[in-house]
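Have a look at the structure below, then the notes.
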Amino acid sequence: MSQSREHEAPVVGLIAGGRQFPVLVAQGVKAKGLRLVVAGFSGHTNPDVYPLADAHRELKLGQLAKLLDFLKEQRVRQVVMAGTINKPGVLDIRHFDARAVKVLLSLPGKGDDAILRAVSSLLEAEGMELVSPQAYAQGLGTPLGVLTRRAPDEREWADLRRGAMLAREMGRLDIGQGVVLREGIVAAVEALEGTDAAIRRGCELGGPGCVVVKMLKPSQEERVDLPSVGPDTVRELARGKGTCLGVEAGKSLFFDLEAAVEAADRAGIAIVGLAPEHLESGGGETP
């Protein structure tokens with residue numbers, strides 16, 4: 001006699017975007033011996049994730065009804081969202097189905113967090129549990145404190161504190177997670193374009209010495225879309241002659257930390273895992 005569904009190992013549905021994160025999650029799911037179902041999106045999803053799946057389907061962004069039907073057909077019980085989405089593509093509603101349009105029109109705001117919360121609620125209403133990707137891809141949290149050989153100087157600490165406060169405010173408004181500034185003057189705020197493009201624009205406008213700060217949005221759903229950085233972030237900052245990167249410790253993802261720190265050390269960039277005390281005036285230097 002087969003086990004009841006309540007005692008079966010969960011089928012994990014991965015809603016996959018771009019870059020390496022969905023691949024890491026998929027590898028973690030398979031390492032646990034679980035069945036993996038991947039839903040991807042044309043032009044957005046890293047194709048390297050598909051060979052790891054027991055079943056997969058590629059959809060167009062906005063085909064919400066087809067996404068839900070596919071996950072239900074595959075008896076998915078846990079859902080993980082991982083990977084980047086080309087956010088300007090979200091504005092192209094030509095391929096949105098009626099279900100997606102209804103959700104979009106019902107939202108008071110159209111920021112990332114509002115959309116992700118709405119999709120999360122739909123998944124849970126269909127009996128699927130939304131799970132943090134860190135359940136299957138561990139060890140990616142940003143450590144606390146100065147991570148590079150060089151610590152920020154006094155001016156950079158001041159920009160980190162101001163940047164953290166501004167990033168929190170931008171997050172509260174569901175605009176973005178990051179800000180680029182120098183000498184307290186904001187050069188760029190991350191929005192639809194993503195972190196790398198915001199750094200390019202900010203460093204071009206702010207000039208050498210820019211500081212980048214990324215923080216979790218105050219009301220953000222922590223099971224999806226955590227702030228994330230990695231070697232590409234550091235390389236972009238180095239190209240723009242930026243000098244410091246601050247990322248919220250414990251509430252953000254840092255991919256390939258060792259490689260990123262090595263690249264930062266070569267470029268003379270300081271990296272800090274920020275704690276709440278860094279928001280306080282006069283706070284900063286971490287032992």
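Please treat every number below as a calculation from the coordinates, not as lab data. All values derive from a computational prediction rather than experimental measurement. Methodologically, a virtual Cβ is constructed for each residue, glycine included, from the backbone with ideal geometry; neighbour enumeration extends over all protein chains shown.
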Checklist entry - So how much slack lies between Ala9 and Ala275, counting 0.36 nm per residue of separation and subtracting their Cα-Cα distance, in nm? => result 92.0 nm
Item to check | Net length gained if the chain between Arg239 and Arg266 were fully extended (0.36 nm per residue, minus Cα distance) | outcome: 8.5 nm
Item to check | Karplus-derived HN-Hα couplings along segment 232-246 (A = 6.51, B = -1.76, C = 1.60, θ = phi - 60°), whole Hz, x at Gly and Pro | outcome: 4, 4, 5, 4, 5, 5, 5, 4, x, 6, x, 10, 7, 10, x
Checklist entry - When the Karplus curve 6.51 cos²θ - 1.76 cosθ + 1.60 is applied with θ = phi - 60°, which whole-Hz ³J(HN,Hα) does each residue of segment 74-80 get, with x for Gly and Pro? => result 8, 6, 5, 10, 10, 10, 10
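Full-extension gain between Arg172 and Ser42, please, as 0.36 nm times their residue separation minus the C-alpha to C-alpha distance. Show your work: numbers first, answer last.
Details: separation 130, 0.36 × 130 = 46.80 nm, distance 3.08 nm.
Residue separation times 0.36 nm, minus the Cα-Cα distance, leaves 43.7 nm.
Can you sort Val179, Val247 from fewest to most other Cβ atoms within 10 Å of each residue's own Cβ? If you can, show how the numbers build up before the last one.
Details: Val179 30, Val247 27.
Sorted ascending by nearby Cβ count, the order is Val247, Val179.
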Checklist outcome for this item: Here segment 145-279 gives, from Cα atoms, an Rg and Dmax in Å of 13.0, 36
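Test of understanding: ordering Leu59, Leu173 by Cβ neighbours within 10 Å, fewest first, what list do you get? Write down the numbers at each step before the final one.
Details: Leu59 19, Leu173 13.
In increasing order of surrounding Cβ atoms, one gets Leu173, Leu59.
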Checklist outcome for this item: Which residues qualify? For Ser252, with a placed amide H closer than 5 Å and at least 5 residues away or on another chain, they are Thr142
Checklist entry - Around Leu130, which amide H atoms from residues at least 5 apart in sequence, or from another chain, sit under 5 Å from its own amide H, with H modelled in the peptide plane? => result Val79
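Roughly how big is segment 131-230's charge dipole about its Cα centre, with Cβ charges of +1 (Lys, Arg) and -1 (Asp, Glu), in debye to the nearest 20?
Details: 13 positive and 14 negative charges, 40 e Å.
Computed about the Cα centre, the dipole is about 200 debye.
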Checklist entry - Can you list the residues, at least 5 places off or on another chain, whose amide H is less than 5 Å from the amide H of Ala270, using H built in the peptide plane? => result Cys244, Leu245
